[in-house]
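**Student:** Sharing a structure with you now.
Nothing in this text is a laboratory measurement; each read-out follows from the coordinates by a stated rule. A quick note: this is a predicted structure, and the numbers were derived from the prediction, not measured. Virtual Cβ from ideal backbone geometry, glycine too; neighbours counted across all protein chains shown.
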Amino acid sequence: MEFETLVAVRYLFSKKRQGFVSVISLISVLGITIGVAALVAVLSVFNGFGGLVTSILVSFDPHLRVERAARSDPTAYASLIRYLDSSNAVKGYSPFVVGKALVVSRNVNRVVNIKGIDQARIGDASGLREKIVLGSLDFGGEGKNGIVLGMILADRLGAVVGDTVSIVSPTAAELASSQLGLPLIRRFRVVGLYETNNKDYDGYYAFTSVQSAEALFDAGKSIDGLEIRLNDIANSNSMRRRLASAFPDFRILTWFDLHRELYTVMQLERWAAYIILSLIIAVASFNLLGSLTMTVIEKTRDIGILKSMGATNLAVRRIFLYQGLLVGVVGTVAGIALGVLVVILQQKYHLLTLDPTVYIISAIPVELRLTDFIFIALAAVGLATFASRLPARRAADLIPAESIRWE
């Protein structure tokens with residue numbers, strides 16, 4: 001052990017220290033411990049909710065969405081389709097047509113997104129088929145106008161499987177409002193209900209066949225784009241780059257891009273919690289500053305003797321820097337251990353529960369990540385070391401003769 005480290009450890013754990021100084025040092029360690037434990041627990045909760053949201057979205061959404069500036073004939077996607085067919089990374093793809101329309105059922109109406117999909121291909125491109133809870137994903141072929149509603153939307157409309165709903169298309173709406181024409185209305189039969197546990201989908205999306213959607217929106221034989229699902233979602237960004245390079249005329253979005261606003265808000269909340277809880281560690285670091293300052297005053301004579309024996313100013317400064325670093329390390333290790341214990345107990349025993357009738361889960365989800373430990377440790381040890389700089393500088397500036405005479 002180095003000379004400076006040995007002295008720092010002896011100063012920190014010395015039984016001859018004044019009781020008041022020892023109490024302040026203990027409070028500093030406890031403060032850092034509590035702050036670190038709180039950071040571990042809170043960031044784990046953010047990780048848990050983030051992972052839950054991602055699993056819900058990824059299980060339903062396509063991994064990639066390819067679009068053009070406007071609706072185009074399917075032949076415009078011919079080269080892209082050949083590329084996808086030849087790629088081993090692609091699990092499947094499906095064309096889609098989407099637009100807003102007014103759904104009317106039993107004197108109740110809602111404006112929702114009507115999405116036309118390829119019934120034969122959608123199972124490989126989306127998780128819709130696995131989310132069907134009543135009925136089936138069978139639109140009945142051309143001219144049958146089958147439709148699948150979300151559970152929340154069906155509840156609002158009072159519709160069940162087998163009911164018929166009317167959909168008013170925005171096409172020709174301007175002519176209808178000026179009484180120069182009739183609104184375009186199509187009747188659809190509810191063939192299935194789905195549930196994704198995502199209110200944005202379950203309450204505002206309905207699915208039908210591509211042909212029915214093209215007729216509803218008067219799109220002819222045009223489509224809005226292709227939805228793609230990969231064998232491994234981790235390849236989404238690399239596949240997007242390859243497609244963007246090979247097909248610069250297309251707009252390519254990953255599953256993350258489709259929900260960028262949501263993830264941005266979650267990331268801001270995460271950083272806000274990190275900064276606010278770091279203030280607990282900062283307060284503990286101020287206590288450490290006071291503790292080290294009192295230690296310098298208490299050890300003035302010892303510092304003078306050390307310097308008269310040949311200890312340099314740098315060596316003396318390191319003694320108190322190491323002392324602050326040691327407090328930070330001890331508090332960080334103890335805090336991480338406490339935080340991990342709380343997280344494990346939550347995972348195993350569900351200490352903090354949620355109402356399953358309101359939420360889709362029965363307890364607060366938590367998830368530990370190695371990167372969190374790194375950032376938390378850097379914050380805790382960094383603040384503790386920074387707080388020790390001023391007392392260390394004061395100790396190094398002491399003059400040996402005056403220090404000994406002062407005693």
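**Student:** How far is it, in nm, from the label point at Tyr204 to the one at Ile361 when both lie 7 Å from their Cα along the line to the Cβ?
**Tutor:** Each label point is offset 7 Å from its Cα along the Cβ direction, giving 2.3 nm.
**Student:** Magnitude of the Cβ-charge dipole of the chain, K/R +1 and D/E -1, about the Cα centre, nearest 20 debye?
**Tutor:** 1040
**Student:** How large is the convex hull of the Cα atoms of the chain per residue, expressed in Å³ as a whole number?
**Tutor:** In the chain, the Cα convex hull volume per residue is 215 Å³.
**Student:** Still on this structure: Could you check how many percent of all C-alpha pairs in the stretch 195-239 are farther apart than 11 Å?
**Tutor:** Values: 750 of 990 pairs.
Result: 76 percent of Cα pairs exceed 11 Å.
**Student:** May I pose another question? Please compute the Cα-Cα pair-distance distribution of the stretch 305-407 with 10 Å bins starting at 0, giving whole percents from short to long.
**Tutor:** Pairs per bin, as whole percents: 13, 26, 21, 16, 11, 8, 4, 1.
**Student:** In whole Hz and in residue order, list the ³J(HN,Hα) couplings for the stretch 325-337 that follow from phi through the Karplus curve 6.51 cos²θ - 1.76 cosθ + 1.60, θ = phi - 60°; x for Gly and Pro.
**Tutor:** Ordered by residue, 3J(HN,Hα) equals 5, 5, 4, x, 5, 4, x, 5, 4, 5, x, 5, 4 Hz.
**Student:** For Asp257 and Phe375, what does the FRET efficiency come to when R0 = 41 Å and r is the distance between their Cβ atoms, rounded to the nearest 0.05? Display every interim value, and only then the final one.
**Tutor:** Working: r = 26 Å, r/R0 = 0.62.
In this case the efficiency is close to 0.95.
**Student:** Please report how far the C-alpha centroid of the stretch 335-383 lies from that of the stretch 192-259, rounded to the nearest whole angstrom.
**Tutor:** 34
**Student:** Could you check the spin-label model distance between Ser136 and Leu52? Points 7 Å from the Cα along Cα→Cβ, value in nm.
**Tutor:** 3.5
**Student:** Per 10 Å bin, what is the whole-percent P(r) computed from every C-alpha pair distance within the stretch 204-275?
**Tutor:** For the stretch 204-275, the pair-distance distribution reads 15, 29, 33, 18, 5, 1.
**Student:** Provide the gained length on full extension for the span Gln267 to Lys221, in nm with one decimal, where the gain is 0.36 nm per separating residue minus the Cα-Cα distance.
**Tutor:** 12.5 nm
**Student:** Counting Lys +1, Arg +1, Asp -1, Glu -1, what net charge surrounds Phe188 among other residues with beta carbon under 10 Å of its beta carbon?
**Tutor:** With Lys, Arg at +1 and Asp, Glu at -1, the neighbours total +3.
**Student:** How long are the three semi-axes of the equivalent ellipsoid for the stretch 64-254, computed from the Cα gyration tensor as the root of 5 times each eigenvalue, in whole Å, largest first? Spell out each step's value before the answer.
**Tutor:** Numbers: eigenvalues 179, 83, 36 Å².
After scaling each eigenvalue by five and taking roots: 30, 20, 13 Å.
**Student:** Along its three principal axes, how long is the stretch 182-325 when you only count alpha carbons? Whole Å, largest extent first please.
**Tutor:** Ordered largest first, the stretch 182-325 gives principal extents of 99, 37, 29 Å.
**Student:** Between Asp249 and Val340, what FRET efficiency follows from the Cβ-Cβ distance if R0 is 60 Å, with the result rounded to 0.05?
**Tutor:** According to the calculation, E is roughly 0.75.
**Student:** For Leu230, Leu52, Leu288, what's the fewest-to-most ordering of other Cβ within 10 Å of each Cβ? Provide the component values of the computation, followed by the final result.
**Tutor:** Details: Leu230 21, Leu52 15, Leu288 29.
Fewest-to-most ranking of Leu230, Leu52, Leu288: Leu52, Leu230, Leu288.
**Student:** Can you list residues from other chains, or at least 5 along the same chain, whose modelled amide H is less than 5 Å from the amide H of Gly146?
**Tutor:** For Gly146, the qualifying residues are Arg189, Ser209.
**Student:** Counting only trypsin sites (Lys or Arg not before Pro) that sit in a DSSP loop (anything but H, G, I, E, B) with at most 10 other Cβ atoms within 10 Å, what is the longest stretch of the chain containing none of them?
**Tutor:** That would be 107-407.
**Student:** With the contact rule set at Cα under 8 Å and sequence spacing of 6 or more, what percent relative contact order holds for the chain?
**Tutor:** Once normalised by length, the contact order is 28 percent.
**Student:** Rounded to the nearest 500, what is the 222 nm mean residue ellipticity of the chain from helices alone, with -39500 (n - 2.57) per DSSP H run of 4+ residues and division by all residues?
**Tutor:** Estimated from H runs of four or more residues: -17500 deg cm²/dmol.
**Student:** Right, another one. At a Förster distance of 35 Å, what's the computed FRET efficiency of Asn235 paired with Thr5, Cβ-Cβ distance as r, to 0.05?
**Tutor:** 0.15
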